[in-house]
Amino acid sequence: ETGVTQSPTHLIKTRGQQVTLRCSSQSGHNTVSWYQQALGQGPQFIFQYYREEENGRGNFPPRFSGLQFPNYSSELNVNALELDDSALYLCASSLSPPWRDNEQFFGPGTRLTVL
Amino acid sequence: KQEVTQIPAALSVPEGENLVLNCSFTDSAIYNLQWFRQDPGKGLTSLLLIQSSQREQTSGRLNASLDKSSGRSTLYIAASQPGDSATYLCAASGAGSYQLTFGKGTKLSVIP
């Protein structure tokens, strides 16, 4: 069974640019969530997708957007990058529908540096 | 709004010692509580998941407890090893909100 994978591993961008991060869910998982983890902090919830629909959103501006595809893989897009967007971006997938107790499994993350 | 706090922020213990990591949360209406391990610059590894109806879960040398009424969870690590050195994060999944709310973590160092 393949776990959650993310690409790329590292990324360097400049302010104002746009970035797309990718995530492949664990096999059979239909719910994916994205988190941002700044250095020394706990992860912060960005949004969640269930069956290709956004199912919940944290306190992030609209320049953070996402997609989930029919195969349950997902993308996180960030427009107009700011220095504070520098962080580890984590993707998590879970087996059950979002309204049930479910364990979330995390990928290795993408380290984004904005210069 | 759920808030999760972890104390202490850092802990250093000699190898072989038993230890307890603490996690507190403000909203007792949770679905579950999950403990994770994070190695430097890496993703999160799920250690234990405690459902809201459960009091504790065990996996090997790890035991996690949950007391919803007091808003607390503890992670007990028995016979610590240098390989246990990492940051340990707890996260609460709130009723009516499917996101995980994380604490800032406890950085554990086990000295050989």
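Listed values, structure above:
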{"read-out": "Environment charge of A:CYS91, counting only residues whose C-beta is closer than 14 Å and scoring Lys/Arg +1, Asp/Glu -1", "value": "+2"}
{"read-out": "Coil-residue trypsin sites (Lys or Arg not before Pro) of region A:25-115, DSSP, other Cβ within 10 Å capped at 13", "value": "A:ARG51, A:ARG63, A:ARG100"}
{"read-out": "B:GLU56 accessible area, 1.4 Å probe, all protein chains in place, Å² to nearest 10", "value": "110 Å²"}
{"read-out": "Student exercise, the protein assembly as shown dipole from Lys, Arg, Asp, Glu Cβ charges, in Debye to nearest 20", "value": "220 debye"}
{"read-out": "Largest to smallest accessible area among A:PHE60, A:PHE69 [probe 1.4 Å]", "value": "A:PHE69, A:PHE60"}
{"read-out": "A:GLU103/B:GLU17 FRET efficiency (R0 22 Å; Cβ-Cβ; nearest 0.05)", "value": "0.15"}
{"read-out": "Order of exposure, largest accessible area first, which applies to A:LEU115, A:LEU11 with probe 1.4 Å", "value": "A:LEU115, A:LEU11"}
{"read-out": "Translational diffusion of the protein assembly as shown, µm² s⁻¹ [Kirkwood Rh, Cα pairs; Stokes-Einstein; 37 °C; 0.692 mPa s]", "value": "183 µm²/s"}
{"read-out": "Nearest-10 value in Å² for the accessible area of B:LYS104, using the 1.4 Å probe", "value": "130 Å²"}
{"read-out": "Computed over chain A, Cα set: Rg, Dmax in Å", "value": "13.3, 40"}
{"read-out": "In Å², nearest 10: area of A:ILE46 left accessible to a 1.4 Å probe", "value": "0 Å²"}
{"read-out": "Apportionment of accessible area to carbon and sulfur, chain B, percent (1.4 Å)", "value": "48 percent"}
{"read-out": "Size of region B:29-78 as Cα extents on the principal axes (Å, biggest first)", "value": "34, 23, 15"}
{"read-out": "23 Å Cα cut-off, lysine pairs counted over chain B (separation 8 or more, or different chains)", "value": "5"}
{"read-out": "5 Å-binned pair-distance histogram of chain B (Cα, whole percent)", "value": "2, 13, 24, 26, 19, 10, 5, 1, 0"}
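The values are calculated or read from the model by the stated rules, or taken from the named source; none is laboratory data. Quick caveat: nothing in here was measured; it's all calculated off a predicted structure. Because the Cβ atoms are built from the backbone with ideal geometry, glycine has one as well, and the counts that use them run over all protein chains shown. All accessible areas refer to the heavy atoms of the entire protein, side chains included, with ligands and DNA or RNA removed. Shrake-Rupley method; radii C 1.70, N 1.55, O 1.52, S 1.80 Å.
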